[in-house]
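Nothing in this text is a laboratory measurement; each read-out follows from the coordinates by a stated rule. Just so you know, these numbers come straight off a predicted model, no measurement behind them. No Cβ is skipped: glycine too gets one built from the backbone with ideal geometry, and neighbour counts run over all protein chains shown.
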Amino acid sequence: MKMEQSHRESILKNIDFLIQNTSDEAFEYLLEKFSSNHGLSPYMLQKIKKGTSLEKKRKFYEMVPKRGPDAFRKLCECLISVGLKNLAEKLRGSRLFLDGCFPSKLNGSSHKVENNYEEHYVIQSNPRGHVLIINIMNYLYNPYLLRDGSERDVASLEKLWNKLGYRVTTHQDLTCEEFKKVIDDFINMTKSDRLDSVFVFVMTHGIRNGSNHREVELQMSDSGLINSDWILDRFTSVHSKHLADIPKVIFIQACRGDDRDLGTWIENDSGHENFVYNEDIDSGKKPSPKPRYSNLLVVFSTLPGFVAKRNPVTGAPFIQELCRIIKTKSEKSHLLDMIHEVNRNLQDEGRNYDNFGFSKQLYLV
């Protein structure tokens, strides 16, 4: 959700005043304070710190209105904390302590007007989270299943997530047993780090589970199959209690059926399909401190019933467009909005994701 229009206008209207009255020394403290409290990404900080002193300040104040509905309050708090109370008062006028920007004491009691906005996940850790990329390109017993172009997808994903300030781990051409070990090792690695988000990308061929349309069998390099439910289960509160409260997003680039949409560069894997849960898990049936599935989003590259497209030279359209949209839109848009835009751009208006308690907006920068 965006910042209130009146708050946005106040910052932009007074931006020259803010720049002229923010000393270089105060600006360094302000930038550090706002970044630690609001989660400016390393990419954004790097962008701000380029240029002259005036250019740095302008870029900072222009970026604040893009940081969500709570950014105005946080900016005012940070201005006061670094000794620039006059700037905060300029932004809010005589209403500074009366309309919810800060707690104040009226008639001896604490009074605060709560902002009414949709919650978003707080991403402040360093690194901002962990990203696991698994790509199966070569198949030991069937070289004709070679997934040409997938190396471009790996390169694009690594470049994007490293730039966003995430710790990226990549594995290629895993066997069935290796895949299971990599997933478990990745989960164990996240136990030792304080992190605020987890992303997993699995790119391979897929085969429909004949007995359950909700599931998909993901084919490893040794032709062994991993059921998609197995991956989901590893990220539940049962197996990964330490991840229960943070956003977890699993992307699967694979086919979900036999139907072929218009276009070229389609994976040559007839019969390889993918389906995933289309129903919410009723966590109330099993008493537990945390829901079994919580803060989990599973995103597929295509709709149920269709094969996945892949260009043998430039990579998979879904992965490439996802990287492009996140790179260009992440400062203003949250993850689900960006996924919807990817679908629109690929002329695929259907819902290609399943939500398991993923109840807040996720901003990546």
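Brief remarks on what is shown
- Highest-first packing order for the peptide set 292-303, 121-132, 177-188 is 292-303, 121-132, 177-188, based on the mean count of other beta carbon atoms within 10 Å.
- Ranked packing of 70-76, 142-148, most packed first, by mean Cβ within 10 Å: 70-76, 142-148
- When you filter the GluC sites (Glu not before Pro) in the stretch 1-61 for DSSP loop state and at most 16 other Cβ atoms inside 10 Å of their Cβ, you are left with Glu4.
- Only one residue of Val122, Leu174, Leu132 has its Cα farthest out toward the positive end of the dipole of the stretch 119-176, where Lys and Arg carry +1 and Asp and Glu -1 on Cβ, and that residue is Val122.
- Dipole in debye (nearest 20) - the stretch 312-365, about Cα centre, beta carbon charges: Lys, Arg +1; Asp, Glu -1: 180
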